[in-house]
1. Take the alpha carbon gyration tensor of the stretch B:1-120, find the square roots of its eigenvalues, order them as a ≥ b ≥ c, and report rounded if a/c is under 1.5; if not, report prolate when a/b exceeds b/c, else oblate.
2. Tell me whether the stretch B:238-387 comes out rounded, prolate or oblate; compute the Cα gyration tensor, take square roots of the eigenvalues as a ≥ b ≥ c, and use a/c under 1.5 as the rounded threshold.
3. In nm to one decimal, list the spacings between the residue A:26 label point and its equivalents in the other copies, with label points set 7 Å along Cα to Cβ, shortest first.
4. So the label point goes 7 Å from the Cα of residue A:280 along Cα→C-beta, right? Which residues of the stretch A:112-141 then have their backbone N under 18 Å from it?
5. Just the projected area, averaged over all directions, of the convex hull on the alpha carbon atoms of the stretch A:162-279: how many nm²?
6. Using the alpha-carbon atoms, what tilt in degrees (0 to 90, nearest 10) does helix A:36-49 show relative to the longest principal axis of chain A?
7. Calculate the translational D of the stretch A:457-594 in whole µm² s⁻¹ from Stokes-Einstein, where the hydrodynamic radius comes from the Kirkwood formula applied to all Cα pairs, the temperature is 4 °C and the viscosity 1.567 mPa s.
8. Find how many whole Å separate the alpha carbon centroid of the stretch A:227-267 from the alpha carbon centroid of the stretch B:248-305.
């Protein structure tokens, strides 16, 4: 099991030097106390908790998994999970970025996101229990009545209760229009919820006294499609302590995140309370979904970081073969494998994707803070547009890169990477689901090209590109930055043309946008990372020649990214330009395999 | 668990129409009986065995794994494994391509390879038990004395005994020069072998009466590097039935191939017999390794095929959302997901990689048959050179593509892909090791660029390119083929320049070849697949307009490959041209993660 060391130095770099949180956040109403010192002390406390409490129970949790007891429908989490959760609550982390009116600490997302990254790095399965609660908190906070807020929020904020999102049914995942769960009025303002939900993360467990399910269901006579879905609060226990009719029917057996209980939840006339407007449940749920998508992207980041740490440590210790240029450690039987170019390729890929992902999440967290608190509506709108555009990119690009990174970390270990004891293959298995849930990465790609880019004729994308152009123009005269600015400007131009090309093609054939979607999301991801790496290099250059090696590593990694990872866009653009015909011309019945 | 249907139609296409086995193999000495009918009847028998015996115990085997009993060092394989092995032996498959002098059926590799593919598709963990035996058979057949052959080969050919390859030790995998296992003369011509070997596939089990270990060890006073390694035969049981001092110490807990026993083997003065010359053990072992590398590549192919079959079946049944161009199945609640371009992208990627991989293995099998049996030494040399050049490509490109394919198959299933019951995630886990063992794919890439291309100044590569050019020139005047021939010729030209570029750079800096290696192997892989897809399209075009849909699907898939997968080379070539500096310029101690 690789040890985990929280990347506090890189958090400080990203927050204070790259996106300069302190120039913005403490000026926002309600965040006056969020000083650099406050950030640092919270991050240190979270680091200590993750390193010493969560990381040590990560592999044991994977081996043990969760246990379902059919007799009483209870679920037991692995040894140490409940105790760690207790401590997490005592430290006040469940309410870190929650409303002080309900007991929260009112801290900004720019602080909450790095904490979330550390949780996912050290124990992603565990992190989902509080993660889902936060989603329930957000939905109730945004859409609940005053009474609902008073009833549920304080307990969710303190962590005494946890929450879930109940969307998926056996026959519908992506296509929520097909969902069948029913909500019948009880006559007292409450509803009787009946149906079966599957893949409910943290659906049942022994960490908390109560579980608040947020459930999508149909009112009688509701329209049959997505316009007929409403959202309900269904607590496991009622206010009077009596048990509600919602029970775990079984747990799924999964490839990874085994220590998180993925439950089949049976609602048998369970009492529920409508939240938000009737038939507007999907919009309410999206309050949770957008946050969940960013949280999911964070899993790719956090697991990539954990894998990088394990692989780097191993690559410095494992002796095998000699450096091509002559022995690096002639006193040893062989050289550490970090001398080999191909091992470095894998380590640098992990490092480049992880550090850019960290920068992206910090940038997005800052936009969320501005969107929520900025007194100027234009600033809020600007920030909200960037978040809307980049949320599918953060979800899909970060989880795909996390899967690449965790697989490379495993590969660095050679045969030992395949052995469970080393912990590297668990990171691969745990990461794999992040490409699937909260909307598969294919769905994210459709969201990006369709809703976020083509629907507003590229307005949001142009705003984002505008920021990049502004950055690039500001580098004129800085010769050190040319190696980054020139390819970035070129890529931006190519991407603009590409977007036009897809938009034109999509007007003639509706399959064209969908055919381009996955490749297009990766192109936009690379545009984003290239911009962030150029910005990180700029910060490093400004430290001057005598700066600590940390900054030189930023410049070197930026160069690696531009040299070795960014060229992927050439193939992606060519693939997109070949259009939809190569995908669509084979009849379904001729997709034979024998 | 997806059902498995052996791709007999595609085997027939590849063998009879694409590489035209019947024009060559029956003309080779000893293969006169290998008619089309003989191939068909063997393939049908193997298909039946794989479909009805091996596929049904694939998932149960993964769940159960192997059990080690420390009391007697025995290993129990999952339920059904021993019975299936018994049946496999009764059918005569262990000796399919073995020497009739020792009871083998003397069939060509062009028949044995498709059989191997079916074994890996239906149950890769099971397939490794006979697979390792075959390696031991080959090494003894090539390097053993007459007495050794008489002692061991008949039992390996009948399957009564199995075999292993014992190379890896805890501190050395890739770098066999570090190995420590000792072989001390007993004075009677035998040796006492002492040491610990790890990652020994099929090292201990309950399928056969005896296990013949082929073990690398050092003679006293042997040179300390790879020039001081010798190969020994170490049977579990001696000829008189007494137990030898080689025992399984434990089994590894792994990510996948759980039903194959990956053993730690302790040799405690075990009696062994030198095979081949003293200190020439590595060369002997490479007789097994080259075959093992092709077999390993076949695992990527076979698992990709299994995943494709599962995903295709699901994509035709699972209803979710509507086609962008309007409902495809208006009478159903939603359309089958095969209507969606992004799902088709995944299915076609699986199909394109799998069918090209099948064509490549058939092509290589034909070269092996020619290398072994052709009466003309020049023909033999030509074939041997192609095999040498393309073995690392087949191993690494096919397993990397197999991993891509199995992951896509899982993605098609959405959340259900992550659930063990469906069997799709097992294919991912089982495939993952193929990128690591038998020389990691990074090592394959070094073998290709270093030993196979640069060492002979590109001679073998030019021979291979020559074949491709000959094919392309032969298409002149066939307008239908232009869409394939033009990009293929262009790629061939680019690849020639790229190889020159790397060769020149490597003369100045020895890290340059290693820095390019992994990307370069993928480029050569794409050259190979582009050529094979062009050839397959040609065969299909020649059927004319009224041909069965099978042929149209070949043309469509070839177009998909050229449009959507081949463009990857643009990024790879750009990455290679950026050279070694971006990989080598960060000091090892500055690869920090905090």
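Laboratory data are not the source of any read-out in this text; all were calculated from the coordinates shown. What you see is a predicted model; the values in this text were computed from it and never measured. Glycine also receives a Cβ, built like all others from the backbone with ideal geometry; neighbour counts cover every protein chain displayed.
1. Since a/c reaches 1.5 but b/c is at least a/b, the shape of the stretch B:1-120 is classed as oblate.
2. Taking the square roots of the gyration eigenvalues as a ≥ b ≥ c, the stretch B:238-387 is oblate.
3. 8.8
4. Within reach of a label on residue A:280, which here means backbone N under 18 Å from a point 7 Å along Cα→Cβ, the stretch A:112-141 contributes A:138-141.
5. 7.4
6. Taking Cα atoms only, the helix is inclined about 80 degrees.
7. Rounded, D is 77 µm²/s.
8. Computed from Cα coordinates, the inter-centre distance equals 47 Å.
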